[in-house]
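Working notes for the structure below.
Laboratory data are not the source of any read-out in this text; all were calculated from the coordinates shown. Predicted model, so just to flag it, every value in this text is computed and none were measured. FYI the Cβ positions are ideal-geometry reconstructions off the backbone, even for glycines, and counts take in every protein chain you see.
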Amino acid sequence: MDTPKATVSRRGFVKGATATTAALAAAGSVALDDLFGHAEIANATEANQEGEGEKVVQGYCSCNCASRCPLWFHVKDDEIQWIQSEKKEWDPEVPESKFRACLRGRSVRRWINDPDRLSYPMKRVGKRGEGKFERISWDEAIQTIADKLKYTYDNYGPEAVYWTLGSGVYAVTGRPIGRLLGCTGGYLGYYGTYSAAQITKVAPFVWGTKTASTPAAIQDSDLVLCMGWSPSDSMMGSTGMSKHGYNWAHEVNPEAKYIHIDPRYNDTIANTDDEWIPIRPGTDAALVAAIAHVLITEGLLDQEFLDTHTVGFDEHTMPEAYQGKNMSYHDYVMGLGYDKVEKTPAWAAEITLIPEERIVKLAHELAEAKAPFVGQYYGIQRRSNGELSSMAVSLLPVMVGAIGKPGTSTGLDVGAYSFSLPWIGGTNPCKTQISIFSWADAIDHGERMTALADGVVGADKLSTGIKFLVEYGGNCFTNQHSQSNLAHDILVDESKCEFILVFETLMNDAAKYADILLPDIMRAEQMSVINDGWSGDVASLTFGSPVHTGERFERRTSYDVCADIAEAMGVRDEFTEGKTQEEWTKSIYDGAAAKDPRMPSYEEGYEVGEFHYRNPDGYTPALKAFAEDPVANPLKTPSGKIEVFSEKLQKIAETWELPDPRDVIAPIPLYTPGAESYEECTDELPFTLTGFHYKSRTHSSWGNVEVIKQACPQEVWINTEDAAELGIENGETVSVFNNYGEVHIQAKVTPRIIPGSLAIPQGAWRDADMDGDRIDKGGCINTLATMHPSPLAKGNPQHSNIAGVRKIG
Ligand SMILES: Nc1nc2c(c(=O)[nH]1)N[C@H]1C(S)=C(S)[C@@H](COP(=O)(O)OP(=O)(O)OC[C@H]3O[C@@H](n4cnc5c(=O)[nH]c(N)nc54)[C@H](O)[C@@H]3O)O[C@H]1N2
Ligand SMILES: Nc1nc2c(c(=O)[nH]1)N[C@H]1C(S)=C(S)[C@@H](COP(=O)(O)OP(=O)(O)OC[C@H]3O[C@@H](n4cnc5c(=O)[nH]c(N)nc54)[C@H](O)[C@@H]3O)O[C@H]1N2
Ligand SMILES: [Mo]
């Protein structure tokens, strides 16, 4: 291991805030209501200067945009006055020490100090989902939770207990719920993520693992193909991949050709003025097939690489059992196998809406490039056909042998050179799992869910539906899940799920469905340590300290609350192992640092506050060793090679139950439109509707912060020509609807979206009268998204939608 380069600043921004030893003193709720009266308290000191009597506390933005930017809270009278997002004295020798949080991090004070913060434990008094609550004591809350949990175990067993995704809390002790439920008797587990379910599930069949390529390689590339990857939208924080990877490389290597393939002219393109090739959403695999057609017919493939490193691109590398059946990718492309259609550029032009000549040119550009970098991220795979589409894109560098060399990528994933910092864990005695996207189905009809039809893992079928549901630091019941109206109907039926616990900072959409609702102290307010999520070649750590002396109102840390629930269940010691949250943080950190000499000691970390590390040896191209010698360094696939044809996938395709013909599992990455594709468009629903991650929010987080909403309004993007035909004007509120629901939302009339498609940024706060017209005036795209999962991963197809749009009134 290398020793750290001198990137540790010892200028001590955290002096006076060495919180490591400061116990959280219980301050109670004295007179603080007055202080929290409104969110604009600190405007007077907004200017970038240290006020008198202020102390500066190191913290970070604990959201899931994965940058997790360091922040410096200026605290006076035990209250955040303003937030400094840049270091005053950064070291010009070490550019990574210059931070700059985005509007979200800078405005987190408005969330922490939000008058609508949850402050007391509450129990539901109205109908479930109505949002009516009554304050109760912590004792009552904890006893009720323990009683319900015992009742659930006694009557249904651990498969009836479940906690959904909560991506809102990043800290090593950030998710104590899993540990708690592991100690109390176990819970139905989940596999996959909402972020990358499809590509994570399918990549191991083809590539052994989902190997990420560092964007630092772009500095040595001559062709950068961004496929559904917009770092300026989704990685723009100062410790993130945009700064350390894409933008940096773009600056040092302006000569490379940068091309973006995206249904939208996204913010990365807007920032760089790179070339935009608009594509019809969900059709990337058709584009790849046509590029393959050009490469095959013009003899531009790297045949030697394909012969030595892959299985099943050609007939002569097909696995023995499948030879002579025209099942290779080559035969698919040339119209000899599968659908017997030749995948010419003209064929793909009709599907993708990319002109035939541009497809041919793209194939030539790819073949001529010395070091093409294909940057694929997760937008392509968060779709009904996401497994096949994402694998098709990863074929681009393979076909021209651009793997493992400087400047290249695997085309699978971009990112992360990070420190490995585990989270508070535990063991789950229940081994049954569902896909992360299947929980609503498992509430509705869990007893009918099986391994072959629904992707249940660890058992042939579920023994029960979910009866005890927990949401902690997430908003995934309705807002971030799909088909919100159906999710609502499932959740409000108390005969299905019998108890719902939500642990939050705000009355978000999920909180409305709680039977017991608990108020958390936000991570940004507490002590906690975290690493960055997705970076380029710079890994970082931040050591956060409490911004105030103790508990506000009756908010409590989730760790302490879980310990109390554990006690009520008779397992406190198993849960805590005798440690406080702080002691857990330190022991987890120490364990990681003992294995990684690059990491500072815990004490040193708290002294500097934030720490970053750039590999002094530069980057290593992904799969370099495999590319150089595939026999000595095989992949983790059965053949050790890239399985363009996967026998294992073929077996799954033969055995799994997929009654809906739109759901396709295939052994090669062929093009299939998938459910909710443009092929299903009708006169009434003529548009495809795609989503994207918005710069102003992290999912639904920050969806309540007024200044940000004003800076970045929630809008449906519609192409200028489509809008003209419908008489829709920029800025007017329109109705977007489909079979699942209706939203009212402002129109952004723009040439920045491909004609025939709409785009709505995901994550806006749902706002519907569920006993009335159910029209969502918040413009949440999940009101319009389907719960029908993708075929292999059973993942969230949330970017695949069709819709209609009309003027209101
Ligand atoms: N249509 C559509 N839907 C999507 C996506 C999409 O692309 N399109 N993307 C999907 C993806 S990739 C993801 S990861 C999911 C994310 O979905 P979620 O995990 O639900 O993410 P958020 O909406 O940010 O919700 C995080 C919650 O955590 C809360 N929170 C923040 N800090 C704290 C804290 O300290 N303590 C507690 N208790 N709570 C806290 C916030 O108030 C917020 O309500 O959404 C998915 N949904
Ligand atoms: N600002 C901000 N940053 C975030 C988040 C956030 O909510 N807000 N969320 C974070 C999380 S948890 C995640 S998982 C990541 C997600 O990061 P991504 O999955 O990369 O984000 P998306 O916006 O879903 O997709 C990226 C781009 O793909 C395009 N795209 C969509 N469909 C297609 C398609 O069919 N073909 C092609 N070629 N392009 C397509 C979109 O228009 C978008 O510009 O972002 C993280 N960063
Ligand atoms: Mo995500």
Log entry: pair-distance distribution for the stretch 204-417, C-alpha pairs binned every 5 Å from zero, whole % per bin is 1, 7, 15, 21, 21, 17, 10, 5, 2, 1, 0
Whole-number D in µm² s⁻¹ for the stretch 275-385, Kirkwood Cα-pair radius fed into Stokes-Einstein, 25 °C, 0.890 mPa s: 164
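Can you tell me what share of the DSSP beta bridges in the stretch 730-809 is antiparallel? A percent to the nearest 5 is fine.
90
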Grab the other residues whose beta carbon is less than 14 angstrom from that of Thr585, score K and R as +1, D and E as -1, and report the net. -1
Across the stretch 676-807, how many lysine pairs, 8 or more apart or on two chains, come within less than 24 Å at their alpha-carbon atoms? 9
Label Asp77 and Glu52 with points 7 Å out from Cα along Cα→Cβ: what is the distance between them in nm? 1.4
Under 13 Å, Cβ to Cβ, from Gly186 - net charge with Lys/Arg +1 and Asp/Glu -1: 0
Calculated [θ] (222 nm, deg cm²/dmol) that DSSP helices of n ≥ 4 give over the chain, each run adding -39,500 (n - 2.57): -7000 deg cm²/dmol
Relative to the chain, whose Cα atoms define the longest principal axis, helix 197-207 and its Cα axis are tilted in degrees, nearest 10, by 50
For the chain, Rg(Cα) over 2.2 N^0.38 Å is 0.93
Sorted by average packing, counted as other Cβ atoms within 10 angstrom per residue and highest first, what order do 705-716, 199-210 take? 199-210, 705-716
DSSP beta bridges in the stretch 676-807: the antiparallel percent, rounded to 5, is 55
Order 429-442, 158-171 from most to least packed using the mean count of other Cβ atoms within 10 Å. 158-171, 429-442
At q = 0.10, 0.20, 0.25 Å⁻¹, what is the log10 ratio I(q)/I(0) for the stretch 636-740, with the Debye formula run over Cα points and no solvent? -0.57, -1.10, -1.36
Report relative contact order for the chain in percent, whole number only (criteria: Cα-Cα under 8 Å, sequence separation at least 6). 20
Measure off 7 Å from each Cα along the Cα-to-Cβ vector at Asn730 and Thr297, then give the distance between these two points in nanometres to one decimal. 4.1
Between the modelled labels at Glu684 and Tyr151 (7 Å from Cα along Cα→Cβ) the distance in nm is 4.2
State the number of lysine pairs found in the stretch 54-147 whose Cα atoms come within less than 28 Å, restricting to pairs 8 or more positions apart or on distinct chains. 10
Using the Kirkwood radius over Cα pairs of the stretch 676-807, the Stokes-Einstein translational diffusion coefficient at 4 °C and 1.567 mPa s, in µm²/s and rounded to a whole number, is 87
Beta carbons within 10 angstrom, averaged per residue: use that to sort the peptides 766-778, 308-320, 258-270, highest first. 258-270, 308-320, 766-778
Just the ratio, please: alpha-carbon radius of gyration of the stretch 398-543 over 2.2 N^0.38 Å, N its number of residues. 1.37
Need one number: % antiparallel among DSSP beta bridges in the chain, to the nearest 5. 50
